[in-house]
1. So which pairs qualify, if the first residue must be in the range 67-88 and in contact (Cβ under 8 Å) with a residue 40 or more places away in the chain and under 20 Å from Val344 (Cβ atoms), the second must be outside any loop (DSSP other than H, G, I, E, B) and among the basic types (Lys, Arg), the Cβ gap must be under 8 Å, and the two must be at least 6 apart or on different chains?
2. Can Leu368 be described as within 22 Å of the chain's Cα centre (by Cα) and open to solvent by less than 40 Å² (accessible area, probe 1.4 Å)?
3. Collect the residues in the range 147-159 that are away from the ligand (no atom under 16 Å from the Cβ) and open to solvent by 30 Å² or more (accessible area, probe 1.4 Å), keeping them in residue-number order.
4. Mind listing whichever residues of the range 56-74 are over 14 Å from Ala92 (Cβ atoms), touching a strand residue (DSSP E or B) at 6+ places or on another chain (Cβ under 9 Å) and part of a loop (DSSP other than H, G, I, E, B)?
5. Would you pick out the residues in the range 84-106 that are part of a loop (DSSP other than H, G, I, E, B), aliphatic (A, V, I, L, M) and touching an Asp or Glu at 6+ places or on another chain (Cβ under 9 Å)?
6. Among the residues that make up the range 323-338, is at least one of them away from the ligand (no atom under 16 Å from the Cβ), in a helix (DSSP H, G or I), basic (Lys, Arg) and open to solvent by 40 Å² or more (accessible area, probe 1.4 Å)?
7. I need a count of the residues in the range 168-213 that are within 16 Å of the ligand (Cβ to nearest atom), open to solvent by less than 20 Å² (accessible area, probe 1.4 Å), within 24 Å of Val280 (Cβ to Cβ) and assigned to a helix (DSSP H, G or I).
8. Give me the pairs: first residue in the range 123-146 and free of Cβ contacts under 8 Å to residues at least 40 places away in the same chain and within 16 Å of the ligand (Cβ to nearest atom), second residue assigned to a helix (DSSP H, G or I) and open to solvent by less than 10 Å² (accessible area, probe 1.4 Å), beta-carbon distance under 6 Å, and six or more apart or on different chains, which are they?
Amino acid sequence: MDEKKGFYKVQNLELAAEGRKRIEWAESRMPVLTTLREKYRKTKPLKGFRIAGCLHVTKETAVLVKAFVEAGAEVSWSGCNPLSTQDDVAAALAEDGISIFAWHGMNVKEFYWCIEQTLRLKPNLTLDDGADLIFTIHNKHPELAVDTVIGGTEETTTGVHRLRAMAEAGALKYPVVAVNDAETKWDFDNVYGTGQSTIDGILRATSVLFAGKNVVVAGYGHCGRGVATRANGFGANTIITEVKPSAALKATLDGHRVMSMDEAAKIGDIFITATGVKNVIIARHFRVMRDGAIVCNAGHYDCEVNLVDLKRLTKRVREIRPNNEEYLLKNGRTIYVLAKGRLVNLAAAEGHPSEVMDMSFANQFMALLWLVDFFKKGKRLENKVYEIPKEQDEEI
Ligand code: NAI
């Protein structure tokens, strides 16, 4: 581990050269964000602002971080998932002077330690993917929320749900922009990004043939729709499980079979959860699964597939391939779990393609500029969750 106390902690600085090439490749696919970067390089609207971010450390995130720095901000960063950090990218950022605390394979305690380190910067802007940074600030450093932070942004559906609940309870102490809900984010990143990269993750972890397989997708929202469409394109027989009648109807009209997880569990070959809700696949489902079934998750947290339940039914676990664990059940059947039930597209592949992250991160960039602009004009926003302004969506 390479560490400069209080400044960065990454896996191995020697990976920086590789990381830099990877970032350059992403940059070449991200015209919107790089145009914004060029536009604001000279005027430096973020000068004097300190941004703490908690979002997957990928090559695309590095392009965003560098855009913030070019616009004048000081930045401190941690990953928002223990398995999604690309160590070469983290090394490149550390070598370029970014305060970053992230490495692949950290444990949960280390995950929160990293968030704490980013708060040494005393940020006045926060950027979240899942709301763990905001929750840490509110629970452990409420003084920052009240006196220092002027606003924040949230990248994903689950984070927006958590923050809306917090705002409704009157507990949110600064304004947050729901970047996820922008049309140029939710309808592209979640659908096409998750669709492609989830299949990518499954293929890297298994190299199985999709054609002819029964692929069960739990949740037919933005992510689930994207995943099911792509699986279908590979020739899979797609089965959807849903709790919302209108979403189930859409799935039917789009040509997928719809049934309950109790039924689907018996016939599925590959299971992918994308609901943002816990306990979608539990003990009674594992008990009836076919021998050799593959189970993974594309939702934000690793709570959709209940691995505690699975372990109780299991005799032995071994890693059969990277990001692929074989559970030998007491009933003699085998179930394969990918990426320990964490986001399979980020843990087993590289996350979304740069082209969709370009749109999402252009939204992030402009949302922070929007918050700063308000602040500079001496105006005060309420402590609630804001939508992305329509004009911004259209400009992107
Ligand atoms: P969404 O709200 O558009 O869709 C979720 C769907 O799941 C809804 O239709 C809901 O009715 C359904 N659902 C809820 N409980 C269910 C259950 N028990 N069984 C079956 N269906 C159920 O949300 P979206 O945008 O699709 O996000 C889903 C999750 O994916 C969230 O946790 C989000 O944060 C995460 N996400 C992951 C990404 C990735 O890179 N893997 C990218 C973007 C979002």
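1. Matching pairs, first to second residue: Leu83/Lys340; Gln86/Arg22; Gln86/Lys59.
2. Spelling it out, Leu368 is indeed within 22 Å of the chain's Cα centre (by Cα) and open to solvent by less than 40 Å² (accessible area, probe 1.4 Å).
3. Asp147, Thr148, Ile150
4. His56, Ala73
5. Passing the criteria: only Ala102.
6. no
7. Summing the residues that are within 16 Å of the ligand (Cβ to nearest atom), open to solvent by less than 20 Å² (accessible area, probe 1.4 Å), within 24 Å of Val280 (Cβ to Cβ) and assigned to a helix (DSSP H, G or I) in the range 168-213 gives 14.
8. From the range 123-146, the pairs are Ala131/Gly159; Ala131/Leu163.
The values are calculated or read from the model by the stated rules, or taken from the named source; none is laboratory data. Keep in mind that this is a model prediction, so the values were computed, not measured. Reconstructed Cβ throughout: ideal geometry from the backbone, glycine too, with neighbour counts over all protein chains shown. In case anyone asks, the SASA skips ligands and DNA or RNA and just uses the protein heavy atoms, side chains included. Shrake-Rupley method; radii C 1.70, N 1.55, O 1.52, S 1.80 Å.
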